[in-house]
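Heads up, the thing below is written out as structure tokens.
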Amino acid sequence: MAIVRFKGFGEAEVPLGTTLLEAAQKIHAPEGYACGGVCACSTCHLYVLKGADLLSVQEEEEDDILDKAFDVRATSRLGCQSKVEKDGEIEVEITRESLEAFENEHPEHRGKYTNRQHEDLARPTSA
């Protein structure tokens with residue numbers, strides 16, 4: 001079993017073979033999945049902050065889809081394509097792109113997560 005932490009949204013204990021998208025859905029974390037999780041869009045775009053070595057290798061199809069994503073970083077992955085392959089702890093951050101997609105897919109949550117993220121970014125940090 002592995003622990004997947006979604007920064008600001010909780011954590012899930014999942015068996016090997018679980019995708020990060022499935023882990024997010026297990027705890028109702030707001031990760032987008034407009035295409036249903038079949039690697040046809042970038043709405044499940046995440047940043048892997050810790051434990052990238054515990055995940056499946058990024059394949060060409062995922063890389064091609066990430067080329068269409070916003071604010072792609074070296075740690076970017078698609079939640080639908082990133083499978084947990086080893087036990088350990090993984091920490092991810094759901095991208096703004098994914099939060100917006102989730103809110104568009106679930107209108108009852110519109111503004112709930114993107115406004116919160118904006119407020120968190122605007123809040124001063126203590127020294």
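Coordinate-derived values only; no laboratory data. Remember, predicted model here, so these are calculated numbers, not experimental data. Cβ coordinates were reconstructed from backbone atoms using ideal geometry, including for glycine residues, and neighbour counts include every protein chain displayed.
A few comments on the model shown:
- Residues of the stretch 48-67 satisfying the condition of being surrounded by 19 or more Cβ atoms within 10 Å (Cβ to Cβ) and part of a strand (DSSP E or B): V48, L55
- Residue within the stretch 17-26 that is in contact (Cβ under 8 Å) with a residue 60 or more places away in the chain, of a type outside the set (V, I, T) and surrounded by fewer than 19 Cβ atoms within 10 Å (Cβ to Cβ) present: yes
- Tally of residues being more than 14 Å from the chain's Cα centre (by Cα) and not small (G, A, S) across the stretch 48-59: 5
- In the stretch 35-47, of all residues being among the small types (G, A, S) and more than 13 Å from the chain's Cα centre (by Cα), the one that is surrounded by the most Cβ atoms within 10 Å (Cβ to Cβ) corresponds to A40.
- Residues that are under 15 Å from the mean Cα position of the chain (by Cα) and among the basic types (K, R), drawn from the stretch 60-94: R73, R77, K83
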